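Below: one structure, written as structure tokens.
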Amino acid sequence: MHQFIDRRANPKGKSHGNRQRFLRRARENIKERVDRSVREKSIQEGDGVSPEGEKVTIPAKGLQEPRFFHSGQGGNRRYVLPGNKEFVVGDTIPKPDGGSGQGGRKASEEGEGDDAFSFTLTRDEYLEILFDGLELPDLVEKSTVETETIGSRRAGLTTAGTPNNLNLVRTMRNSLGRRIALRRPSAQAQADLEAEIEMLAGLPSLSKAQVALLEELQSRLEALQRKRKVVGYIDPIDLRFDTHVPEKIRKSRAVVFCLMDVSGSMQEREKDLGKRFFLLLHLFLSRCYEHTELVFIRHTHLAEEVDEETFFYARETGGTIVSTALDKMREVIADRYPPQEWNIYGAQVSDGENFGNDSARCKKLLLEDLLPVCQYYAYMEIVEESADALLHDSEAGDDLWQNYRTVKAQAPHFEMQRVAHAAHIYPIFREFFLPRIKGGQNA
């Protein structure tokens, strides 16, 4: 007889299917908590997502599974519910005194009751919810350099395969159908027959009728055992294996330029907000786009291409000439990323301070050199905490903001936003990378 043991991994011993159904049911509450957690994380926590996952707490209301109850009223019920540690059978549970209730559970600061449910999202689940619905706008295939990798896809079932590809559900379904069709005796039927024979055999004396019955039962038991051996529980004909076929996966390459102002006007608060934005961007690209390269450019009055460590953690200061970063981006594109072969994106963070008439040159560089070869360009400007009104006043702002407003009016794939607090970063990030319809508007 064949014996099969399902050793497929499930996270922490839980059913993977049940976990996915739970995440779908509670997705709205989970997403709200994930959005809140990413706004509250400190920049010192690196990318902010632990390899072990993230613990989230959501209201328990609405998570209960449906249950059946008796509709009848009254009755003397003598039982103790599972998990009880205070009572034993026979104890009388006193009724609560009338009028002495507290009028419901204690309220929380968020307006929710005490009941809550805490669990841990894996890193992949956390990032999937964090970046749900986001994409690099207008990503297109570049025919001259699109890469081809060999992947696999499901291609139905087969009767032969390796044990790790065994489809347990279909195998057991086939086994059940064959046993029903061939009328294989059940184990319970054999046990009942053996019990009846044992009872008759244990009698001190047997009549002729009982002896004949005993012989008949033994004959039936032998026939039943033979049929159970012939019609096995699982037969090789029941086995079904998942089959996969190789396929070529075509992927387009993209490069994202990260430009950050680190001049003297960018104090620790401004740099912290800029790093938060770029950490989110880095997580998003590494999670959702396998073949995406990142180019990091820092600038004061001079611009240089740096590695990731230097971009996020180096300390330097100096004057402010924003056009140097745009010049450096143009040089790198000309040197390594031909527009006909690459999807090119730009993301820039600054406090809006710039030297002299350099803002007009920034506008010229964007309109004439960069935006014609870019799929999309996002600019985030950091304003003072006391300047919240500037977030919604498109007429106000420094010279760089005003010049970039002119760029936005002429280029629908250029987007600009302002932030004043850490809580603004994630909503604006989502606004930058929501799917867009033709013309640059959010879908």
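The values are calculated or read from the model by the stated rules, or taken from the named source; none is laboratory data. None of the values given here were measured: they were computed from a predicted structure. Here Cβ is always computed from backbone atoms with ideal geometry, including for glycine, and neighbour counts include all displayed protein chains. To get the accessible areas, we keep the full protein, side chains included, count just its heavy atoms, and leave off ligands, DNA and RNA. Shrake-Rupley method; radii C 1.70, N 1.55, O 1.52, S 1.80 Å.
Distance between the pseudo-spin-label points of residue 197 and residue 182 (7 Å out from Cα toward the beta carbon): 2.2 nm.
Hey, any idea what % of the stretch 189-324's accessible area is carbon plus sulfur with a 1.4 Å probe?
Here carbon and sulfur together make up 52 percent of the probe-accessible area.
The residues packed around residue 310, meaning those with a beta-carbon under 12 Å from its beta-carbon, carry a net charge of -4 if Lys and Arg are +1 and Asp and Glu are -1. Shape call for the stretch 275-323 from the C-alpha gyration tensor, a ≥ b ≥ c root eigenvalues: rounded (a/c under 1.5), prolate (a/b greater than b/c) or oblate? Prolate is the answer for the stretch 275-323, as a/c is 1.5 or above and a/b outweighs b/c. Does the stretch 181-268 come out rounded, prolate or oblate by the C-alpha gyration tensor, with a ≥ b ≥ c the root eigenvalues, rounded set by a/c under 1.5 and, if not, prolate when a/b is larger than b/c and oblate if not? In terms of gyration-tensor shape, oblate. A simple spin-label model places the labels of residue 269 and residue 364 3.5 nm from each other, with each point 7 Å out along Cα-to-Cβ. Remark: accessible surface ordering of 415, 86 (largest first) is 86, 415, probe radius 1.4 Å. Annotation: the antiparallel percentage among DSSP beta bridges lying fully within the stretch 184-309 is about 35. Contact order, relative form, for the stretch 282-370: 26 percent (alpha carbon pairs under 8 Å, 6 or more residues apart, mean separation divided by residue count). Full extension of the chain segment joining residue 434 with residue 132 gains 107.8 nm, where the gain is 0.36 nm per residue of separation less the Cα-Cα distance. You can think of it this way: the chain between residue 293 and residue 24 has 93.6 nm of extra reach, that is 0.36 nm per residue less the Cα-Cα gap. Using the Cβ-Cβ distance between residue 310 and residue 57 with R0 set to 45 Å, the FRET efficiency from 1/(1 + (r/R0)^6) comes to roughly 0.75. The overall shape of the stretch 198-246, judged from the alpha-carbon gyration tensor, is prolate: a/c is not under 1.5, and a/b is greater than b/c.
For the listed residue pairs 208/229; 271/328; 328/364, the alpha carbons are over 23 angstrom apart in 208/229. Note on residue 336 and residue 222: their simple-model spin labels are 8.4 nm apart, each label 7 Å out from Cα toward Cβ. The length gained on full extension between residue 152 and residue 172, counted as 0.36 nm times the residue separation minus their Cα-Cα distance, comes to 4.6 nm.
When the surface is traced with a 1.4 Å probe over the full set of protein chains, residue 199 keeps roughly 120 Å² accessible.
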